[in-house]
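Taken together, the values in this text are just the output of simple stated rules run on the coordinates, not laboratory data. Keep in mind it's a predicted model, so treat the numbers as computed, not measured. Heads up, the Cβs are rebuilt from the backbone with ideal geometry, glycines too, and the neighbour counts pull from every protein chain shown.
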Amino acid sequence: MTTIDISSADLKQILTFCIDLAREAGKTILKGSEAILSTASDDVEEKKNSVDLVTEYDRQVEALVRDKIKQSYPDYAFVGEEETSALGTLPPLTDGPTFCVDPIDGTTNFIHGFPYVCISIGLVYKKRAVLGVIYNPMLDWLYYGVESQGSYLLKSSSSAPLKLPLAYPRHLPSLSNALIAVEWGSDRTADSTRAKSESFARLAGDGRDGQVKGGVMAHSLRSVGSAALNFAAVASGSLDLYWEIGCWPWDVAAGIVIAQEAGGLVSTSDLSLQGGEVTGDSSDTILTGRKYVVIRGIADTPNEKGGDAQKRLVKDFCNTIVDMKPARLS
Ligand code: LIP
């Protein structure tokens with residue numbers, strides 16, 4: 001039973017708190033990045049394999065964020081990537097408010113100095129993501145969104161917020177017109193690698209004259225290495241669609257709100273779970289389901305409502321890719 005009520009005024013206060021917290025965490029991320037890039041020592045640990053990485057800074061940032069949240073919101077639950085990975089199991093979501101935090105999303109980028117790194121702070125309430133802050137300290141770009149209150153980008157702490165999406169939500173006739181983000185993720189088993197390779201080939205390949213079977217020849221594929229920043233780019237309108245199997249709620253909770261508030265639609269990529277249809281529902285089954293697809297907002301045309309276009313394209317997308325089972329935590 002829910003014992004904490006959160007009003008939209010409360011959400012505004014929590015948003016201010018999360019923005020300040022993200023900026024504070026960003027300072028530690030920047031210091032960590034400088035330290036990692038300027039020393040010969042290798043402070044990188046492997047989690048489940050050699051591409052699933054963690055640094056002392058992931059842990060430091062998570063501890064900082066968890067402590068500040070516990071001080072200000074002692075009754076709210078906290079699910080952080082590093083603590084949960086160490087436990088080896090994702091606690092079930094309750095109806096109470098839960099902060100879902102990835103202290104450094106894009107850890108591989110962080111280690112390599114590739115500037116697509118962020119902290120992602122999501123608030124889940126009644127099993128739905130209701131507030132999100134994603135901050136990339138390398139570029140000083142901060143995205144935020146609150147349910148029913150819109151989503152925005154702050155390009156520096158002193159600039160005015162820009163309403164998302166940044167671009168006019170042009171019509172998207174088919175997947176062949178789309179710029180699509182995909183990720184390799186950290187599951188490199190034969191099954192996962194085969195399913196992803198085949199999916200990527202179908203998305204990029206020319207299906208005409210039987211060249212690539214099932215090929216839709218999208219404009220192109222991108223991989224920036226951060227689920228949260230992929231969601232933010234879809235919310236901005238600079239990516240049309242992003243798909244990944246294997247992420248966790250801490251990777252996507254903030255991004256889900258930010259994308260939805262910008263007119264995006266979030267779905268599972270396994271439509272067999274919902275009778276083959278795209279529902280547009282983003283309840284806890286989607287949030288914890290680990291198979292995420294998000295498409296940007298699309299304007300209505302005389303022949304098709306934007307919402308119908310989103311559902312049609314997500315359905316086409318799900319029928320194009322190869323489904324796979326996500327790997328366990330450890
Ligand atoms: C990463 C994601 C990325 C995904 C990786 C990993 P991390 O998060 O954001 O998109 O492909 O598997 O989950 O580990 O950098 O926090």
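Suppose every Lys and Arg Cβ carries +1 and every Asp and Glu Cβ carries -1, with no other charges. What dipole size does the chain come out with about its Cα centre, to the nearest 20 debye?
Dipole about the Cα centre, nearest 20: 660 debye.
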Next item on the list: Could you work out how far helix 227-236 tilts from the main Cα principal axis of the chain, as a 0 to 90 degree angle to the nearest 10?
Entry: 60 degrees
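Treating only the Cβ atoms of Lys and Arg (+1) and Asp and Glu (-1) as charged, compute the dipole magnitude of the range 175-318 about its Cα centre; round to the nearest 20 debye.
Computed about the Cα centre, the dipole is about 300 debye.
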Notebook entry, point to check: Could you give the dipole magnitude of the range 43-94 about its Cα centre, charging the beta-carbon of Lys and Arg +1 and that of Asp and Glu -1, in debye to the nearest 20?
Noted result: 240 debye
Check: Which percent of the Cα-Cα distances in the range 235-284 go past 12 Å?
Finding: 67 percent
Margin query: What does the C-alpha gyration tensor say about the overall shape of the range 53-196? Classify as rounded when a/c is under 1.5, otherwise prolate if a/b is larger than b/c, or oblate.
Written below: rounded
Notebook entry, point to check: Counting only residues 5 or more places away or on other chains, whose amide H sits under 5 Å from the amide H of L239 once H atoms are built in the peptide plane?
Noted result: V234
Check: How large is log10 I(q)/I(0) at q = 0.08, 0.16 Å⁻¹ when the Debye formula is applied to the Cα atoms of the chain, each weighted equally and without solvent?
Finding: -0.35, -1.43
Margin query: Using Cβ contacts closer than 10 Å as the measure, can you line up L139, L239, L90 from fewest to most?
Written below: L139, L90, L239
Notebook entry, point to check: Using the alpha-carbon atoms, what tilt in degrees (0 to 90, nearest 10) does helix 8-37 show relative to the longest principal axis of the chain?
Noted result: 90 degrees
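Could you work out [θ]222 nm for the chain from helices alone, using -39500 (n - 2.57) per DSSP H run of at least four and dividing by all its residues? Round to the nearest 500 deg cm²/dmol.
On the way: 9 runs with 117 residues, N = 330.
Helix-only estimate at 222 nm: -11000 deg cm²/dmol.
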Check: Given H placed on each backbone N at 1.01 Å, which residues far from L53 in sequence or on other chains put an amide H within less than 5 Å of it?
Finding: K47
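Please state the relative contact order of the chain as a whole percent: Cα pairs under 8 Å, 6+ residues apart?
17 percent
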Item checked: Sorted by Cβ density within 10 Å, fewest first, the residues T107, T55, T320, T16 -> T16, T320, T55, T107
Notebook entry, point to check: Relative contact order (percent) for the range 144-199, with alpha-carbon contacts under 8 angstrom and 6 or more residues of separation?
Noted result: 17 percent
Notebook entry, point to check: Over the Cα atoms of the range 175-318, Rg to Rh with Kirkwood Rh, two decimal places?
Noted result: 0.95
